[in-house]
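Laboratory data are not the source of any read-out in this text; all were calculated from the coordinates shown. Predicted model only: the values in this text are computed from it and were never measured. Cβ placement follows ideal geometry from the backbone for every residue including glycine, while neighbour counts extend to all protein chains displayed.
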Amino acid sequence: MTQKFSCKKCGSCCRTISDIEELEEYDLGDGSCKYLKNNICLIYNERPEVCRVDKIYLKYFKENMKLKDYHKKISQLCSRIKNMNNK
Ligand code: SF4
Ligand code: SF4
């Protein structure tokens, strides 16, 4: 079975969506998604593709990157976003 990305559920990425075109209508105006509640996505099963880390891997990165390397990159990105949010 394919290993899934281990999201820490910090909610940081969902509070930093202002530059994501696909999520324009989700933005409360401060970069936070209107569907984030207590760090949980209220529409998790129906969330858009751009929010689906593993689906994006299969669609765009699978041919050129190993899954574990992709997950490592995503984790690094999560840390960067978290630091941005904490500033
Ligand atoms: S920033 Fe990373 S760890 Fe935090 S909720 Fe988003 S995907 Fe999960
Ligand atoms: S739809 Fe869900 S996963 Fe996507 S940014 Fe909003 S709260 Fe986060």
- When the dipole is taken about the Cα centre of segment 36-86, and only Lys, Arg (+1) and Asp, Glu (-1) are charged at their Cβ, what size is it in debye, to the nearest 20? 160 debye
- In degrees between 0 and 90, to the nearest 10, how far off the longest principal axis of the chain does helix 67-86 point, with axes built from Cα atoms? 20 degrees
- Considering only DSSP states other than H, G, I, E and B, which trypsin sites (Lys or Arg not before Pro) in segment 1-86 qualify as loop sites with at most 16 other Cβ atoms within 10 Å? K4, K8, K9, K34, R52, K62, K66
- Over the chain, what relative contact order in percent results from Cα pairs under 8 Å that are six or more residues apart? 30 percent
- Message: Out of all Cα-Cα pairs in segment 17-87, roughly what percent, to the nearest whole number, are more than 14 Å apart?
- Response: 68 percent
- Query: What lysines sit close enough to K37 to cross-link, taking a C-alpha to C-alpha distance under 30 Å and skipping anything fewer than 8 places away on the same chain?
  - Reply: K4, K8, K9, K55, K59, K68, K72, K73, K82, K87
- Query: What is the distance, in nm, between label points placed 7 Å from the Cα along the Cα-to-Cβ direction at E63 and at I43?
  - Reply: 3.0 nm
- Item | Dipole of segment 1-66, positive end: most advanced residue of V50, L36, C7 [Cβ charges, Cα centre] | C7
